[in-house]
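A.B. asks: First, the structure itself, so that you have it in front of you.
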Amino acid sequence: KAGVTQTPRYLIKTRGQQVTLSCSPISGHRSVSWYQQTPGQGLQFLFEYFSETQRNKGNFPGRFSGRQFSNSRSEMNVSTLELGDSALYLCASSSRGGNEQFFGPGTRLTVL
Amino acid sequence: AQTVTQSQPEMSVQEAETVTLSCTYDTSENNYYLFWYKQPPSRQMILVIRQEAYKQQNATENRFSVNFQKAAKSFSLKISDSQLGDTAMYFCAFMKHSGLASGTYKYIFGTGTRLKVLA
């Protein structure tokens, strides 16, 4: 079974631009969560989607948004990028009833 | 609100020795899960071990074991016979049990402990 995939793996953007990151969960997994990982801050929860609905949301500004499609693939969008948005963005999927999250390799975003 | 604290930003251990990583958490929940995840350099995060709060017995996975002290809200990870491949960031994480019923999940992660195994 293929693991969680994330595209692109690396991105370089400039301040003020917007970016869209994509995540394909493990086949059969309907829950997708997004995290921002920065040195010293660990993993900060962004949001979680289940069956195309956002079920949980972390404490991030409205510039961060996401969505989930009927095939469980998820996208995360960040608008008006700031230097502080530079981070590794991780996606994780889970099956309903399962308590383990399976992580993707992440997308490393650099904002210049 | 739940919090997870890892007070050791960095640790090192000699190959074949034993090391313990600490984690404390704060919650008013009675049923929950605790996890240790491992993130090797430039590689994907993987689950090391999990513990259900209602189980008194400490979880064990080969060389990895936990010391779960529910009353103290402590969840430490012991790595025995450390190997070079154990070099990684280790994250402690908490999840409410109620998340399973709703099919939704919200993990709370600690800030991580960077472990280096020395040859």
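The values are calculated or read from the model by the stated rules, or taken from the named source; none is laboratory data. Since this is a predicted model, take the numbers as computed values, not measurements. All Cβ positions, even for glycine, are placed from backbone atoms using ideal geometry, and neighbour counts span all protein chains on display.
A.B. asks: Out of (1) more than 26 Å from A:Thr107 (Cα to Cα); (2) in contact with a Leu (Cβ under 9 Å, 6 or more places away or on another chain); (3) within 12 Å of another protein chain (Cβ to nearest Cβ); (4) not acidic (Asp, Glu), the odd one out for B:Asn31 is which?
C.D. replies: (2)
A.B. asks: Given B:Gln51, B:Gln44, which one is within 19 Å of A:Gln37 (Cα to Cα), touching a strand residue (DSSP E or B) at 6+ places or on another chain (Cβ under 9 Å) and either of a type in the set (S, T, N, Q) or loosely packed, with under 15 Cβ neighbours inside 10 Å (or both)?
C.D. replies: B:Gln44
A.B. asks: How many residues are without any contact (Cβ under 8 Å) to a residue 60 or more places away in the chain, within 14 Å of B:Ser74 (Cα to Cα) and not aliphatic (A, V, I, L, M) if we restrict to region B:31-53?
C.D. replies: Result for region B:31-53: 4.
A.B. asks: Please go through (1) outside any strand (DSSP E or B); (2) more than 12 Å from the chain's Cα centre (by Cα) for A:Thr110 and return the number of the only condition it doesn't satisfy.
C.D. replies: (1) is the only condition that A:Thr110 fails.
A.B. asks: Taking A:Phe45, is it assigned to a loop (DSSP other than H, G, I, E, B) and either farther than 20 Å from B:Ser42 by Cβ or within 13 Å of chain B (Cβ to nearest Cβ) (or both)?
C.D. replies: No: the conditions fail for A:Phe45.
A.B. asks: Can you tell me which residue among A:Arg15, A:Arg9 is touching a residue at least 12 places away in the same chain (Cβ under 8 Å), surrounded by fewer than 13 Cβ atoms within 10 Å (Cβ to Cβ) and under 30 Å from B:Thr113 (Cα atoms)?
C.D. replies: Answer to the selection: A:Arg9.
A.B. asks: I've got another one for you. Being within 23 Å of B:Thr111 (Cα to Cα) and of a type outside the set (A, V, I, L, M, F, W, C), is that true of even one residue in region A:16-34?
C.D. replies: Yes.
A.B. asks: From the residues in region A:75-101 that are closer than 29 Å to B:Gln51 by Cα and modelled with pLDDT of 90 or more, which one is farthest from the other protein chains (Cβ to nearest Cβ)?
C.D. replies: Across region A:75-101, the extreme among qualifying residues is A:Tyr89.
A.B. asks: For region B:6-33, what are the residues that are at pLDDT below 95 and in contact with a Phe, Trp or Tyr (Cβ under 7 Å, 6 or more places away or on another chain)?
C.D. replies: Within region B:6-33, B:Thr27, B:Asn31, B:Tyr32 meet the criteria.
A.B. asks: Restricting to region A:53-70, count the residues that are in a strand (DSSP E or B), modelled with pLDDT of 95 or more and not hydroxyl-bearing (Ser, Thr, Tyr).
C.D. replies: Total meeting the criteria: 4.
A.B. asks: Confirm whether A:Asn71 is more than 12 Å from chain B (Cβ to nearest Cβ), under 10 Å from the mean Cα position of the chain (by Cα) and surrounded by fewer than 18 Cβ atoms within 10 Å (Cβ to Cβ).
C.D. replies: Values: more than 12 Å from chain B (Cβ to nearest Cβ): yes; under 10 Å from the mean Cα position of the chain (by Cα): no; surrounded by fewer than 18 Cβ atoms within 10 Å (Cβ to Cβ): yes.
Criteria not met by A:Asn71.
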